[in-house]
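Every number in this text was worked out from the coordinates using simple rules, so none of it is lab data. These numbers come from a predicted model, not from an experiment. A quick note on method: Cβ atoms are made from the backbone with ideal geometry, for glycine too, and the neighbour counts reach across all protein chains shown.
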Amino acid sequence: MRGRKPVPTYMKVIRGNPGKQAINKSEPKPANREPVMPDLLQGEAQVEWQRISEELRAMGCFKASDRAVIAFYASAWGDWYDAVRNLNNMTHPLAYKGDAITVHPYFRIKQMAEERLLKAASELGCTPSARSRLKVGDNEAQKQLDLELLVGKKR
């Protein structure tokens, strides 16, 4: 195993590069285009796509290259919402298999959706711990950092 995932260059720049590691000046930078919501999202997943897109846009993180992660997040939200709604409508969340009592499948769907939600939210910087590692400066400072990365100026 290689160990921890490498931190993307833009995250190092935003965080202030606390470890003073070399910054990859050749790393691809995603275009500043916004993603289009996939047609396959339905119901609450569509509602969540709209909600999270506003949040990501405000954070400056709504990029076309992140479409799949945003869709995974919205889809997981839709699955979670449906499972919880169905569990709330039941008198008891148990399932019976012959004489055995087991957890209802909606409960397991809810648990799996929660795991997917947390992973995708963390990737998108949408959890409190992910946000605590970010530093957000004014737009001029960010433009200057972007320019320095682009032209290769040493800090």
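Say each of ARG33 and GLU55 gets a label point 7 Å from the Cα, pointing the same way as Cα to Cβ; how far apart are those two points in nm?
With each label point 7 Å from Cα toward Cβ, the separation is 2.6 nm.
A 23 angstrom limit on the alpha carbon distance is what I want to check against. Which of LYS12/LYS110; LYS20/LYS119; LYS12/LYS119 exceed it?
LYS12/LYS110; LYS20/LYS119
Once you put a point 7 Å from the Cα of ALA22 and another 7 Å from the Cα of GLU115, both along the Cβ direction, what distance in nm separates them?
3.8 nm
Taking Cα centroids, how far is the range 38-60 from the range 73-134 in Å?
The two parts, judged by their Cα centres, are 18 Å apart.
Using a cut-off of 14 Å between beta-carbons, work out the net charge of the residues near TYR106 (Lys and Arg +1, Asp and Glu -1, TYR106 not included).
Combined, the nearby Lys, Arg, Asp and Glu give 0.
Which residues' amide hydrogens lie under 5 Å from the amide hydrogen of ALA95, considering only partners 5 or more residues apart or on another chain, with H built in the peptide plane?
Here the answer is THR102, VAL103, HIS104, since their amide H atoms fall under 5 Å of that of ALA95.
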